[in-house]
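*Asks:* Take this structure first; my questions come after.
Only the coordinates and a few stated rules stand behind these numbers; no lab work does. This structure is a prediction, so every number in the text was calculated from the model and none was measured. All Cβ positions, even for glycine, are placed from backbone atoms using ideal geometry, and neighbour counts span all protein chains on display.
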């Protein structure tokens, strides 16, 4: 499978296995096409999760991951790409509707923007909150003091 | 004193239909009727209308027409007013309060009510000549029966109003069907 | 493995409400915007659903969540692997044991160790007991939402027996923290097997009792049949898992599909539904409780002797790498994605919460239904806000 | 005053018919107090019975077995802050619970607890009852609107739609019972002679059943039974009780029409609801279950049987006293329970002395003469059997609530319009046809 895509897209795809779990490391530009192909041709019809990891020291700070599962093949695969801070990535909502909230959560927690998402706004944190808490530079004790004072009328939420 | 009441007293009953109750109910009916047309808030008007209907029901009772009184309560005060309220509740009160009354026909209304008043006055002054002076007091319960006799007839005979009654019910049936067809997009 | 059957097309994206419509006179247009929650008897916590209604008919919904957000994933990055273990219990607090199992197994996989056989058996027994407890809680509250008060008390009476076993085993009833990375902390207490067997004989007639109250109750049938229907295709597209997916006719259970712990050793069936409506989900969960009893029965008879803790170092320091491991929690696929940078603290822990993803299906399940159905559907999805919000 | 007080004592009419306003007032006060006590008892019984359905104990702390709980609750509700929402329509918000309460209590003027044990025997009794009890829904509708909030408004809308759709089936079922009053003859199918006009009077309806020697529930079996069942369903919907409690469905509309109410005003709604429950049950008892008539008045007649049946009220209270005393004996002997033990004992004694009083009256009044004791005894018998039959319905209300899930709004409407209405129409026509054919 990987070979086929490799020949099609060139060097943008890398197939790896760790602890028996397969993942594809993909260049950001190939993501929309590849995800659609994975669903349509490889029957990965169930998007388990969309998430991200922050590596502040890297040039492309974020890893964005799609965990996919195929009922027909009974197989799980991870698709992984790297993007820089402030860059956006195409949304998978039109491929798997379930990505809607999952992408909103990634946006909420990391500030990664998804192009083509129907309603990209915060999901867990309040709409007016500043900062994206799962970034490594967001300390665990940090909070949006201004928001807390205005909306809750208290000095600190902790 | 009203002769009907006299006989009731003679029959060993305490008169309920005292002038006091008449004036109380009549006054209540008039006052709440006024409230119906003067209140801006539609729900307040509807509540006042219920009071009017109930006091009219009380007046029917005083005329020894309990069946009509009962029907007045069950149909008008109960059923119809609940439907009224059902509709009125959905009206945006804030907006209706701001709007001016849409009815600019008050001169015509004034003329009509003056005519009505004149008619009442005439009936009041000439009443003795126009209507029977003494009503035969009805035994309790026969009012309901009399209505039934008029509507359905007695002992195999057609009643006075049987035909009219059936026509009216047919009309109502048609109206119900029409309403169902109009509101229901697919049956 | 059956493939999805229903081919009803899914609206391309779950559209959201147009709440910004400039001060519309709601009553005049017969459209009502109602806030259901966050303080509402039937939203199972602090879920807030904004309903757009035409009379009683639901035109659309929008879920507002996050009221219970505690930042579990952030906490994980600041705790060691061992310290984070009790935190996972607080996500789906109705099924704390399952959460713990998923986390411990994920870390074990990352470290490439395996829990000893005896620990595996204990884990399966407790997890399945927990599944029953979770389904009992669901049944009681779901029935209460639909207006049947009594099942709630019956299920709580029987759930108590399970909690007693938990309490005797590890001292806690709700947030158990029963498992450790590498096995179990506690050996079974004397009479554990007997307690579990007693529970099985006690509980078998109780399920029948619940079913007597509900399964053929005409009002229950009317309230649940053809309510909140979701086709298999829609369910898969929306990532719905667990009993909700199975009720739509997809025979998929991680315990069978990608076995973990030692589920492959036990003989059980995956109950599935056909219509994907609320009633089917009810039946599926009832059957699941019976299947769980089957598993427990097999497991409790075959607990091997041996150690309960695998060979794990005192300080847990998984090698650099990442792992995704998921288990079949009572509510669906509960997954942990853990990235290790080789230190004692996880670099990133991502929890794939079943309630969160399943809740997304609420909108298409209740569109065109009535307000009363919204309540029934929220109940039938079986969400726990602690897990939705994390 | 004294003469008008004494003059009624020998009468066999209701005070209303006798035109005795003083006694009418006394009856009104007795009924008002009686209904209030009944609501209190019902409150306690509902909580205890519901609790035992649900394997819990219910109130146990305030008084022995929570006997004082309703009083504690009443006190609490009276002392609670009475909140009127700022945006509510103040006047309507204030008047709404009163409408419901007035409607619920006005109905009691025509409920016959015995042939002369009613405030008045109106010749349109049943019509009056249906009419006034349907006014109760106005209170709910208006309360929902006045709260100026979405949930109460939806509760009000549901309530009015529900009332309109169930009133019709209810009325038709009532008409089929009223139809039976015009027949003469004995037994289930026995009809002889020319049918006279029937009656709408509540007392007349019971007397018709007495005359025909059959409760209307068994008349023209199964027609009477079906009409009764329709009424029994519709009346649950009429008073907004489970499974038709859509107007206050707590899991959907938080508390429906009374979401914004609190304190005393809220308790007035509860009072009205329970009073209305008793009232509609009384209609069912009067129309189909022979009202005040004791069981088997014709099969088991004679003074001996009369005497045996007149012992029932005393024996019932004796039984209750026995239960209370048994509870006293079984109370744990710990000093914590001392006051409770004494309280329950005193309560049992009270019940016991009431039982003894009733038994004494039954024995003193066993002769069929017209002595005061005999008349008193007779009256107690009437009221006892009437209340007992009503109590069965009250228990059913609790049972329904414990067992059934709630109907959905559209299902409720379709049950009302598509099931109950056609059936009740059919039953009405069949009753008329059978009545003519059998004659």
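*Asks:* Based on DSSP H runs of at least 4 residues, each adding -39500 (n - 2.57), what is the mean residue ellipticity at 222 nm of chain D after dividing by all its residues, to the nearest 500 deg cm²/dmol?
*Replies:* Calculated mean residue ellipticity at 222 nm is -22500 deg cm²/dmol.
*Asks:* Once Rh for segment C:72-389 is found with the Kirkwood sum over Cα pairs, what is the Stokes-Einstein diffusion coefficient at 4 °C and 1.567 mPa s, in µm²/s?
*Replies:* Translational D for this selection: 65 µm²/s.
*Asks:* While we're on this one: Looking at chain A, I'd like the Rg to Rh ratio, where Rg is from alpha-carbon atoms and Rh is Kirkwood's inverse mean 1/r.
*Replies:* Looking at chain A, the ratio lands at 1.04.
*Asks:* Which shape class, rounded, prolate or oblate, goes with the protein assembly as shown when its Cα gyration tensor gives a ≥ b ≥ c as root eigenvalues, a/c under 1.5 marks rounded, and past that a/b bigger than b/c marks prolate?
*Replies:* Prolate.
*Asks:* Something else now. Using only Cα atoms and rounding to the nearest 10 degrees, what angle (0 to 90) does helix A:99-110 make with the longest principal axis of chain A?
*Replies:* Helix A:99-110 sits roughly 50 degrees off the main axis of chain A.
*Asks:* Turning to a different aspect of this structure: Using the scaling law 2.2 N^0.38 Å as the reference, what is the normalised Cα Rg of chain D?
*Replies:* Its radius of gyration relative to the 2.2 N^0.38 Å reference: 1.04.
*Asks:* Still on this structure: Taking the Cβ of each residue in C:33, D:233 as the centre, tally the other Cβ atoms inside 10 Å and list the residues starting with the fewest.
*Replies:* C:33, D:233
*Asks:* Suppose we look only past 15 Å in the calculated P(r) of segment D:36-79. What percent of the Cα-Cα pairs does that tail hold?
*Replies:* Cα-Cα pairs of segment D:36-79 separated by over 15 Å account for 41 percent.
*Asks:* Where the centroid of each part is defined by its Cα atoms, how far is segment D:23-51 from segment D:381-417 in Å?
*Replies:* For segment D:23-51 versus segment D:381-417, the Cα centre distance is 18 Å.
*Asks:* How far is the Cα center of segment C:304-338 from the Cα center of segment C:33-98, in Å?
*Replies:* 25 Å
*Asks:* Right, something else. Answer rounded, prolate or oblate for segment C:153-263, using the Cα gyration tensor with square roots of eigenvalues a ≥ b ≥ c: rounded when a/c is under 1.5, else prolate when a/b is larger than b/c, else oblate.
*Replies:* In terms of gyration-tensor shape, oblate.
*Asks:* Tell me the Kirkwood radius of segment D:61-212: reciprocal of the mean inverse pair distance over distinct alpha-carbon atoms, in Å.
*Replies:* 18.9 Å
*Asks:* Taking only the alpha carbons of segment C:255-317, what extent do you get along each of the three principal axes, in Å, biggest first?
*Replies:* Computed over segment C:255-317, the largest-to-smallest principal extents equal 50, 31, 17 Å.
*Asks:* Report, in degrees rounded to the nearest 10, the 0 to 90 angle that the Cα long axis of helix C:192-214 makes with the longest principal axis of chain C.
*Replies:* That helix lies at roughly 10 degrees to the long axis.
*Asks:* A further question on this structure: Please arrange D:181, D:303 by counting, for each residue, the other beta carbons lying within 10 Å of its beta carbon, fewest first.
*Replies:* On the way: D:181 25, D:303 11.
Ranking D:181, D:303 by Cβ neighbours within 10 Å, fewest first, gives D:303, D:181.
*Asks:* Same structure, new question: In vacuo Debye scattering of segment D:222-367, one point per C-alpha: log10 I(q)/I(0) at q = 0.10, 0.14, 0.16 Å⁻¹?
*Replies:* Computed log10 I(q)/I(0) values: -0.68, -1.02, -1.04.
*Asks:* Which angle between 0 and 90 degrees, to the nearest 10, do you get for helix C:96-111 versus the longest principal axis of chain C when only C-alpha atoms count?
*Replies:* Helix C:96-111 sits at roughly 60 degrees to that axis.
*Asks:* From the Cα gyration tensor of segment D:285-439, with a ≥ b ≥ c the square roots of its eigenvalues, which class applies: rounded if a/c is under 1.5, or else prolate if a/b is larger than b/c, or else oblate?
*Replies:* Oblate, because a/c is 1.5 or more while a/b does not exceed b/c.
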